[in-house]
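Worksheet for the structure shown next.
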Amino acid sequence: MRKKIVAGNWKMNLNLNEGKTLVQNILSGLSGLTDNKQVVIAPPFVHIAQTAAQLQGTSNIFTAAQNCSSEASGAYTGEVSTDMLLSAGAQYVIIGHSERREYFKEDDAILAKKTAQALSTGLKVIFCCGEPLEVRDGGTQNEYVGNQIKAGIYGFNADQLQNLVIAYEPIWAIGTGRTASSQQAQDMHAHIRSVIANQYGNVVAEQMTILYGGSCKPSNAPELFACPDVDGGLIGGAALKAEDFLGIIAAMTAI
Ligand code: PEP
């Protein structure tokens, strides 16, 4: 049975005190997690050690970074290495979020390099993909996202992919309040699974956790998570309020 995950991406929000309070409130309302139903919290870099310390002793809830360097170490001012993240207590790293692709010009090659660096250090990867509105309107979203997946992960072997999760986030749905319909999400998730099956076979494809992201809320999470190929969500805005995040987690644990 493949893992279901709800991951919260705080982006560049919350100071250390606010982050501490949010994690406390999430922990006090959390129930229903198992080895197959997990939660990931991705705060900004400076929170990682604090968040990981708060999560110590808990089960099935993990700390993630939102980005990492593609280099192991050295003269790269301002960068944060995967080894630093691991030593601070992170278990996951988000790679390829559309905001990194768009605002920081991270291309397929650098994202594949970051993914390789993270996996080789022992971090699990949440690899993001998703099409802009003009691609969706032009009807070529399957080809576009398929190419992101091929460029991002085809260089890894099946064993390495056990430590990788995919997040499909249509850019037109991120932070816009416009969610993909459950049919649009299901269709794309099934397509992504077929792209994985083409390279690695059905067993690997069936084991791959594929999250949906884009204006996911407690009200729409149950319908999205009920889709057979949607294995949870990557949550932005709604991850900043304990009540909303817990509501989305409850939709996952209810499946
Ligand atoms: C995101 O940025 O990963 C995201 C899904 O944001 P939101 O939930 O706010 O649309």
TODO: For residue 104 paired with residue 120, estimate the spin-label separation in nm (one decimal), with each label point 7 Å from Cα along the Cα-to-Cβ line.
DONE: 1.9 nm
Open item on the list: As a test of the formula, what do you get for the chain when each DSSP H run with n ≥ 4 contributes -39,500 (n - 2.57) and the sum is divided by the residue count, at 222 nm and rounded to the nearest 500 deg cm²/dmol?
Closed with: -13000 deg cm²/dmol
Open item on the list: Could you work out how much longer the chain between residue 151 and residue 187 gets when fully extended? Use 0.36 nm per residue separation minus the Cα distance between them, nm to one decimal.
Closed with: 10.9 nm
Task: Average projection area in nm² (convex hull over Cα atoms of the range 21-142, one quarter of hull surface) - done: 9.5 nm²
TODO: Hand me the tally of lysine pairs in the chain: alpha carbons under 13 angstrom apart, and the pair either on different chains or 8 or more positions apart.
DONE: 5
Task: Rounded to the nearest 20 debye, dipole of the range 4-253 from Cβ charges on Lys, Arg, Asp, Glu - done: 380 debye
- [ ] Assuming 1.306 mPa s and 10 °C, estimate D for the chain with Stokes-Einstein, Rh taken as the Kirkwood radius over Cα pairs, in µm²/s.
- [x] 88 µm²/s
Task: Label zone at residue 194, where the point sits 7 Å out along the Cα-to-Cβ direction: the range 143-158 residues whose backbone N lies under 19 Å - done: 143-151, 154
Task: residue 77-residue 144 FRET efficiency (beta carbon distance; Förster radius 45 Å; 0.05 resolution) - done: 0.85
Open item on the list: Ignoring ligands, DNA and RNA, please state the percent of accessible area on the range 1-115 from carbon and sulfur, probe 1.4 Å.
Closed with: 52 percent
Open item on the list: Under the 0.36 nm per residue contour assumption, what length would be gained going from the current alpha-carbon distance of residue 202 and residue 2 to full extension?
Closed with: 70.7 nm
Task: Candidates per trypsin sites (Lys or Arg not before Pro) in the range 150-255, loop by DSSP, up to 15 other Cβ within 10 Å - done: 178, 241
Open item on the list: What figure, in Å² to the nearest 10, do you get for the accessible area of residue 97 with a 1.4 Å probe and non-protein molecules left out?
Closed with: 10 Å²
Task: Angstrom value of the Kirkwood radius, inverse mean 1/r, which spans all Cα pairs in the range 110-176 - done: 12.7 Å
- [ ] Figure the gain on full extension for residue 58 and residue 253 (residue separation times 0.36 nm, minus the Cα-Cα span) and round it to one decimal in nm.
- [x] 68.5 nm
TODO: Please give the per residue accessible area of the chain, computed with a probe of 1.4 Å over protein heavy atoms only, in Å².
DONE: 43 Å²
TODO: Round to the nearest 0.05 the FRET efficiency obtained for residue 219 and residue 12 when R0 = 30 Å and r is the Cβ-Cβ distance.
DONE: 0.70
- [ ] With the full set of protein chains in place, find how many percent of the accessible area of the range 119-234 is carbon and sulfur; take the probe as 1.4 Å.
- [x] 47 percent
TODO: Taking H placed 1.01 Å from N in the peptide plane, check which residues at least 5 places from residue 63 or on another chain put their amide H under 5 Å from its amide H.
DONE: 41, 91, 92
Open item on the list: Taking every DSSP beta bridge with both residues inside the chain, roughly what % is antiparallel (nearest 5)?
Closed with: 5 percent
Task: Estimated vicinal HN-Hα couplings, Hz - the range 28-45 in sequence order (Karplus 6.51, -1.76, 1.60; Gly, Pro = x) - done: 6, x, 7, 7, x, 7, 9, 4, 9, 9, 10, 10, 10, 10, 10, x, x, 3
Task: Loop-located chymotrypsin sites (Phe, Trp or Tyr not before Pro) in the range 75-140 whose Cβ has at most 12 other Cβ within 10 Å (DSSP) - done: 76, 104
Open item on the list: Can you give me the C-alpha center-to-center distance between the range 177-196 and the range 210-227, rounded to a whole angstrom?
Closed with: 11 Å
Open item on the list: Under the rule of at least 5 residues apart or a separate chain, name every residue whose amide H is placed under 5 Å from the amide H of residue 10.
Closed with: 42
Task: Sequence-separation-based contact order of the chain, relative, with Cα cut under 8 Å and 6+ spacing, percent - done: 22 percent
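The values are calculated or read from the model by the stated rules, or taken from the named source; none is laboratory data. Everything numeric here is computed off the predicted structure, so don't read it as measured data. Cβ sites come from the backbone with ideal geometry, for glycine too, and all protein chains shown count toward neighbours. The protein model used for the area step is the full one, side chains on, heavy atoms only, and it has no ligands, DNA or RNA in it. Shrake-Rupley method; radii C 1.70, N 1.55, O 1.52, S 1.80 Å.
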